[in-house]
Amino acid sequence: MILDPDARYTKTHEWARWEDDELVIGITDHAQEALSDIVYVELPAVGEHYEAGESFGVVESVKAASDVYMPVSGEVTAINEELEDSPELVNEDPYGRGWFIRIRPDNPADFDELLDGAAYEAVVAEEEG
């Protein structure tokens, strides 16, 4: 399992990373590996606002469809339009070209409440039991 050292994580397998004054959000390497071949990603409209923990999209693979949840509350400022034609980017580069959305967080300090890499690894280890 690959982790991004600059990202923070959720128990539902999303990551968030600061880029300038926005958070970039996607699903973790562990999540894309568990889903296997991703065939479709449904993303929200720019300008939509979501609360932390609220579903903002869906990722579909040959195995299953899964909701994707907001790590922190905020307004969507951009979506990765590349995923519309190339959802496999999530499998190939989950922390790079496979990002999902950018948001302007309501409270930037909420980022500090997300899991660091070690805490996320512990969550995954517990799930795999």
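The values are calculated or read from the model by the stated rules, or taken from the named source; none is laboratory data. What you are looking at is a predicted structure, and each value in this text was computed from that prediction instead of being measured. Cβ: placed from backbone, ideal geometry, glycine included. Neighbour counts: every protein chain shown.
Checking the structure you have, find out if any residue of segment 63-82 is among the aliphatic types (A, V, I, L, M), touching a residue at least 40 places away in the same chain (Cβ under 8 Å), farther than 19 Å from residue 121 by Cβ and touching a helix residue (DSSP H, G or I) at 6+ places or on another chain (Cβ under 7 Å).
Looking for residues that are among the aliphatic types (A, V, I, L, M), touching a residue at least 40 places away in the same chain (Cβ under 8 Å), farther than 19 Å from residue 121 by Cβ and touching a helix residue (DSSP H, G or I) at 6+ places or on another chain (Cβ under 7 Å), one finds at least one in segment 63-82, hence yes.
Taking the condition of being crowded, with 16+ Cβ neighbours inside 10 Å and touching a residue at least 24 places away in the same chain (Cβ under 8 Å), how many residues in segment 89-107 meet it?
Start the filter on segment 89-107 by keeping residues that are crowded, with 16+ Cβ neighbours inside 10 Å, which leaves 89-91, 94-95, 98-103, 105.
If we keep only those that are touching a residue at least 24 places away in the same chain (Cβ under 8 Å) too, we end up with 90-91, 94-95, 98-103, 105.
Final tally of qualifying residues: 11.
Okay, residues lined up against (1) buried (at least 20 other Cβ atoms within 10 Å of the Cβ); (2) closer than 12 Å to residue 99 by Cβ; (3) out of contact with any Gly (no Cβ under 6 Å at 6 or more places or on another chain):
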position	(1), (2), (3)
5	no, no, yes
11	no, no, yes
35	yes, no, yes
40	no, no, yes
49	no, no, yes
66	no, no, yes
77	no, no, yes
80	yes, yes, yes
85	no, no, yes
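May I ask you to say which residue of 64, 78, 119 is more than 16 Å from the chain's Cα centre (by Cα), at pLDDT 95 or above and either small (Gly, Ala, Ser) or under 17 Å from residue 11 (Cβ atoms) (or both)?
Unique residue meeting the criteria: 119.
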